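Below: the structure, in structure tokens.
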Amino acid sequence: MNARAQQPAPNHQHPASYYAASSLPQPDHPVLTADLVADVCVVGGGFSGLNTALELAERGFSVILLEAHKIGWGASGRNGGQLIRGVGHGLDQFANVIGADGVRQMKLMGLEAVEIVRQRVERFQIPCDLTWGYCDLANKPRDLEGFAEDAEELRRLGYRYETRLLQASEMHSVVGSDRYVGGLIDMGSGHLHPLNLALGEAAAAQQLGVKLFEQSAVTRIDYGPEVKVHTAQGSVRAKTLVLGCNAYLNELNPELGGKVLPAGSYIIATEPLSEALAHSLLPQNMAVCDQRVALDYYRLSADRRLLFGGACHYSGRDPKDIAAYMRPKMLEVFPQLAGVKIDYQWGGMIGIGANRLPQIGRLKDQPNVYYAQAYSGHGVNATHLAGKLLAEAISGQQGGGFDLFAKVPHITFPGGKHLRSPLLALGMLWHRLKELV
Ligand SMILES: Cc1cc2nc3c(=O)[nH]c(=O)nc-3n(C[C@H](O)[C@H](O)[C@H](O)COP(=O)(O)OP(=O)(O)OC[C@H]3O[C@@H](n4cnc5c(N)ncnc54)[C@H](O)[C@@H]3O)c2cc1C
């Protein structure tokens, strides 16, 4: 790489969040200011891009990764940090496309996805506060019936971690709130500091030879047997391109952008709580999620703050005051927090796909362009699986999980970029109304 390509990035910050305030040192990676060549160019410095780059470097490919802002700037550095088993939702619906055995393999991959994170953290010694223990929370008796089916399915799949159904009377052992009628504990899922995981993975990728560039938004792509990817001040030529921009893809590739609806989700972080108060909220320090369409998800941070997330905004407009918007939701669950200060508030974009299965594949007309996106709010584990599957496919490994995902068709949302979100808002309103019945 020549000297121009190594010019330091200007000091461009992460959005203010608890994670940004408590992160590992964030090295500034250079801005791309040269014309470079690599085997693979990866666009997007979130979990999807980082893990694909890392897996490819392990397989001997030369890789350049371009990030428009900072590593982990998108959803990967801002999410709830809940590392939950499984990919997609209602996978049996895809049996007619990938067969019953394909569905079973996908379910197993949803379990493997968490293992990839576990191994990544262990192997590269990433200090990201990884803590095991998660509980699904039932809002209605119907949810509890679903949990019993989930537990039975996990047993059939040979899941090796403890799962346990909880009745209403046992809920206070997990969460100090009267809102829930039961739960499903899963000791093979958990929570972590997502920005630190992304930063640790970036460092690992770099050690393996991946060249990382920040402040290097891709502005144009020339497709062909060799792609040429342009940024404001440089370019990359590569045999293979990977797009890992998820909800932030915008118009870079309209075909893929049309299959993902960006939806805002928001998190508040309280001031650090006393040990006694923190223990009374989440006695076993588990991450938890309820079952509503616009779900609440919350957990404790390593320094005993409650990180309370929720909402789903499809309008493209964030609430003016996220704390004022989220605090009442938190107080509905924990009225005892009325006097507690909110230290941080932030939001980010979730990428929603119509069938809620992560979209992992390659472009029909440009077979050297691969992508992974649309994790529908459940991407901390699935992005890691996507990275592995993309790297396997790019390195020519046949018959793996990539083919199963790539076989499932994904519709383009009607209405173009201006109408997509209002349409989704209408759809979600319909689902919320059904919840009230
Ligand atoms: C508030 C919130 C809470 C969430 N909570 C959870 C949770 O608890 N558990 C869970 O499993 N999932 C959760 N998710 C979802 C999860 O965070 C995402 O599915 C996952 O991080 C997606 O990773 P990604 O790398 O695909 O996308 P991102 O992390 O969004 O990264 C995409 C990157 O692409 C870059 N980019 C875009 N365009 C360009 C361009 N033209 N050139 C260069 N770079 C570009 C962006 O700057 C961005 O950094 C949450 C999401 C949000 C927003």
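The values are calculated or read from the model by the stated rules, or taken from the named source; none is laboratory data. Keep in mind the model is a prediction, meaning the values are calculated, not measured. Don't worry about glycine lacking a Cβ; one is built from the backbone with ideal geometry, like all the others, and counts go over all protein chains shown. For the accessible areas, the whole protein counts, side chains as well, though only heavy atoms, and no ligand, DNA or RNA atoms are used. Shrake-Rupley method; radii C 1.70, N 1.55, O 1.52, S 1.80 Å.
Averaged across orientations, what area in nm² does the convex hull of the alpha carbons in the chain project?
That works out to 20.0 nm².
Go ahead and run the numbers for FRET between Gln233 and Glu170, Cβ-Cβ distance against an R0 of 56 Å, rounding to 0.05.
0.45
By accessible area of protein heavy atoms, probe 1.4 Å, what ranking do Arg123, Arg356, Arg292 get, highest first?
The ordering from most to least exposed comes out as Arg123, Arg356, Arg292.
Compute, for the range 289-370, the length of the dipole vector about the Cα centre, with Cβ point charges of +1 (Lys, Arg) and -1 (Asp, Glu) only. Units Debye, rounded to 20. Walk me through the intermediate numbers first.
Values: 12 positive and 8 negative charges, 19 e Å.
Value, rounded to 20: 100 debye.
Do me a favour and compute the ellipsoid semi-axes for the range 33-85 from its Cα gyration tensor, root of five times each eigenvalue, largest one first, whole Å.
Over the Cα atoms of the range 33-85, the ellipsoid semi-axes are 23, 15, 5 Å.
Considering Cα pairs under 8 angstrom that are at least six residues apart, work out the relative contact order of the range 282-403 and quote it in whole percent.
12
Which of Gln82, Gly45, Val229 sits closest to the plus end of the dipole of the chain, meaning its Cα is farthest towards the positive end, when Lys and Arg get +1 and Asp and Glu get -1 on the C-beta?
Result: Val229.
Could you work out the local net charge near Ile342, counting Lys and Arg as +1, Asp and Glu as -1, over the other residues with Cβ closer than 9 Å to its Cβ?
Working: positive: Arg327, Lys341; negative: Glu271, Asp343.
Taking every Cβ under 9 Å from that of Ile342, the sum is 0.
What is the packing order of peptides 368-381, 93-106, taking the mean over residues of other C-beta atoms within 10 Å and listing the highest first?
Details: 368-381: 25.1, 93-106: 15.4.
My ranking of the peptides, most packed first, is 368-381, 93-106.
Under a Cβ-only charge scheme (Lys and Arg +1, Asp and Glu -1), can you give me the dipole magnitude of the range 92-153 about the Cα centre, in debye to the nearest 20?
Here the size comes out at about 280 debye.
Which one of Leu277, Val103, Tyr134 is farthest out on the positive end of the charge dipole of the chain, using unit charges on Cβ (Lys, Arg +1; Asp, Glu -1) and the Cα centre as origin?
Val103
Residues with amide H under 5 Å of Trp346's amide H, sequence separation 5 or more or different chain, H placed in the peptide plane at 1.01 Å from N; which?
Amide H neighbours of Trp346: Ile267.
Roughly what would the spin-label model give for Glu251 and Asp318, points 7 Å off Cα along C-beta, in nm?
2.3
Work out which GluC sites (Glu not before Pro) in the chain are exposed loop sites (DSSP not H, G, I, E or B, at most 11 other Cβ within 10 Å) and give the longest gap free of them.
Of all site-free stretches, the longest is 252-437.
Can you give the relative contact order of the chain as a percent, counting alpha carbon pairs under 8 Å and 6+ residues apart? Spell out each step's value before the answer.
Values: 979 pairs, mean separation 100.6, N = 437.
Reported as a whole number, the value is 23 percent.
Using a Förster radius of 25 Å, what is the FRET efficiency between Gln13 and Thr412 based on their Cβ-Cβ separation? Nearest 0.05, please.
Calculated value: 0.15.
Hey, which lysines would be in cross-link range of Lys70, C-alpha to C-alpha under 17 Å, not counting anything within fewer than 8 residues on its own chain?
Once the sequence-local lysines are set aside, what remains near Lys70 is Lys211.
On a 26 Å Cα-Cα criterion, which of the cross-link pairs Lys228/Lys259; Lys140/Lys341; Lys259/Lys407; Lys259/Lys388; Lys259/Lys364 come out too long?
Lys140/Lys341
Please list the helices of the chain that count as membrane-span-like by this rule: a mean Kyte-Doolittle hydropathy of at least 0.0 together with Cα atoms stretching 27 Å or more along the helix axis, each helix being a complete DSSP H run.
Span-like helices, by this rule, are 95-124.
At 0.36 nm per residue, and after removing the present C-alpha to C-alpha distance, how many nm does the segment from Glu152 to Lys140 gain when stretched out fully?
This chain segment gains 2.4 nm when fully extended.
Antiparallel versus total DSSP beta bridges in the chain: what percent is that, nearest 5?
Here the share of antiparallel DSSP bridges comes out near 70 percent.
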